[in-house]
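See structure below.
The values are calculated or read from the model by the stated rules, or taken from the named source; none is laboratory data. All values derive from a computational prediction rather than experimental measurement. A quick note on method: Cβ atoms are made from the backbone with ideal geometry, for glycine too, and the neighbour counts reach across all protein chains shown.
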Amino acid sequence: MKFRVWAIVLACALFLGSFVACGKRQDADVHIFYYTFSDTYVSSVRDTLDRTLEEKGISHQDYDANGNQTTQTEQIRTAVTQGAKVLLVNIVNTGSDDAASEIVGLAKDAGIPLVFFNREVSNAVIQSYDNCAFVGTHADEAGKLQGEMIGEYLLEHYGSTDLNGDGKISYVLFKGEEGNNEAIFRTKYSVEKANEMLLAAEKPALRFYDAANTNGYLVDQNGQWSSAAANDYMNTVLASYNSNGNNMIELVICNNDSMAEGAISALNAAGYNKGGDSPAIPVFGVDATEAAKTLIRDGKMAGTVQQDAAGMANALALLSENSLDGSKNLMDGTDVFPVDENVRKLRIPYGKYRG
């Protein structure tokens, strides 16, 4: 009899456990959908947002799509059915409006406020529903700031960076994801801005290490902006482009700090970027994660672009509060943030970080 009682208790616990994750409830008011928990910057936003909502007494539930749009859309559909009051969506697919439009349709039909964040959707998507907004950055700003840091670094250290003394800087660039605006603009403007500064100083433009690669970048084929992808690429590149061949990669540009970490790990294995007096290849990233800040302090990384996770979390918390308060509009109090003209898009500024 005791065994049967304990079995029932255990079964109930497992049943309830399926509805509870990390102290958050599926019957919560605010449901937050992340494209993947594994993204370092997104994890920073999640940690800060969880803490902020808890401090405000707002119940919430987090979801991990693990990079799968079908999974995320079904998660949202289920949350709407279960009575979600606010939807915050870090969408998986950004290459077209299809997924975002379907999500807007689900929210609009149910009359639920919807906020996309971090991974940008089009103006048309936001304007298709009066209770919809976006919180993110200006995608081109990170690329331009990264390019400025690269230009500034090279103009100060050109001779020591030009390892083979050919008068040109050979670089590799790791792109996070095809079709993603942040990746597209970071890839484009980091090189363009650096070249603008170099040419103004009568220095040659940057040269992609592989003349046969007309893209001018290596991309994470899984769209995860991952350390592993950059590490694999960097190890492959270093097998043919190294100090022994007098054609060593002289600059590494990464769309985010996770990819910078992977590149630095490969450089470490080749005897570079170990800190102290070891030879170093300048590596630049985006996000200013804690790991990247440590690498910069230790002399293993040259710089990164700071993306304000706390600022994004605070904006999302404000919009959530507004949505839950029947006396307020979605955008009340957002004048403390830069907001695009004629569209409900809040912008969180970037900044340079060199340590």
Taking the residues in segment 322-354 that are among the acidic types (Asp, Glu) and touching a helix residue (DSSP H, G or I) at 6+ places or on another chain (Cβ under 9 Å) as candidates, determine which candidate is farthest from residue 252 (Cα to Cα). 332
Which condition number does residue 148 fail, the rest of (1) in contact with a helix residue (DSSP H, G or I) (Cβ under 8 Å, 6 or more places away or on another chain); (2) acidic (Asp, Glu); (3) closer than 30 Å to residue 170 by Cβ; (4) surrounded by fewer than 18 Cβ atoms within 10 Å (Cβ to Cβ) being met? (4)
If a residue must be assigned to a loop (DSSP other than H, G, I, E, B), among the polar types (S, T, N, Q) and surrounded by 15 or more Cβ atoms within 10 Å (Cβ to Cβ), how many such residues does segment 92-115 contain? 2
Among 158, 153, the single one that is within 23 Å of residue 256 (Cβ to Cβ), surrounded by fewer than 21 Cβ atoms within 10 Å (Cβ to Cβ), of a type in the set (Phe, Trp, Tyr) and assigned by TED's automatic domain parsing to the domain that holds residue 202 is 153
Residue list for segment 163-179, restricted to those being assigned to a loop (DSSP other than H, G, I, E, B) and surrounded by 21 or more Cβ atoms within 10 Å (Cβ to Cβ): 169, 176, 177
Let me confirm something: among 229, 280, which residue is among the hydrophobic types (A, V, I, L, M, F, W, C), surrounded by fewer than 21 Cβ atoms within 10 Å (Cβ to Cβ) and out of contact with any helix residue (DSSP H, G or I) (no Cβ under 6 Å at 6 or more places or on another chain)? 280
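Just name the residue that is surrounded by the fewest Cβ atoms within 10 Å (Cβ to Cβ) out of those in segment 232-259 that are of a type in the set (A, V, I, L, M, F, W, C) and free of Cβ contacts under 8 Å to residues at least 60 places away in the same chain.
By that ranking, first place goes to 239.
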Considering residues of segment 227-266 that are under 22 Å from the mean Cα position of the chain (by Cα) and assigned to a loop (DSSP other than H, G, I, E, B) only, the residue farthest from residue 209 (Cα to Cα): 256
Which one is surrounded by the fewest Cβ atoms within 10 Å (Cβ to Cβ) among residues in segment 291-307 that are in contact (Cβ under 8 Å) with a residue 12 or more places away in the chain and more than 13 Å from residue 256 (Cα to Cα)? 297
